[in-house]
Amino acid sequence: ETDNSDAHVGPPNTKADVPLLFKHVRKGEYDAAKRLFKRGVDPNCRDKFGNTPLFVACPNGSGRIAKLCLRRGAYVNATNAKKNAALHFTVQYGFTAMGDWLVENGADRDLVKDAEPTAYESIGTRTRGGRADRAPGGWGG
């Protein structure tokens, strides 16, 4: 479901808002990211690598921002310049519970990067710092 409440609050967005959004998403700054979305920044905007805000939020464990991206209309199966999707980054960084949440919200778990394994096949049994066990409920809302 897309969150269109107060769709354009404040002045219209500028070109400078896109890098600013990525900075706030990287740092997990939910309120600042939400303000930029409300100003009209596209949730499917891209950085120089072709990543969307959802791509950046997920491997950083920012589930609350990931939820915000999806509410604002982010495309869950978008791929970047290297043909990775947010799901690839999420599970490769050990956030398999968040990866499962992405799948529940439309991510294609069978999406492949060229002839490489799917996101879940590529991780095997690896986790980083036990983060794979984090429950979706701990992401905020």
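No value in this document is a laboratory result; all are computed from the given coordinates. Computed from a prediction, not measured in an experiment: that's the story for all the values here. Using ideal geometry, Cβ is built from the backbone for each residue, glycine included, and neighbour counts are taken over all protein chains shown.
Neighbours of residue 103, meaning other residues whose beta-carbon lies under 12 angstrom from its beta-carbon, give a summed charge of -3 when Lys and Arg score +1 and Asp and Glu score -1.
With 21 Å as the limit on Cα-Cα distance, the pairs of 27/82; 27/67; 23/48; 34/67 that go past it are 27/82. Eigen-decomposition of the gyration tensor built on the alpha-carbon atoms of the stretch 33-78 gives equivalent ellipsoid semi-axes of 14, 13, 10 angstrom, largest listed first. Within the shell of other residues whose beta carbon sits under 11 angstrom from the beta carbon of residue 31, the net charge comes to +3, with Lys and Arg scored +1 and Asp and Glu -1.
Relative intensity of the stretch 10-53 on a log10 scale, I(q)/I(0) at q = 0.16, 0.21, 0.24, 0.31 Å⁻¹, equals -0.34, -0.59, -0.77, -1.23, per a Debye sum over C-alpha point scatterers of equal strength in the absence of solvent.
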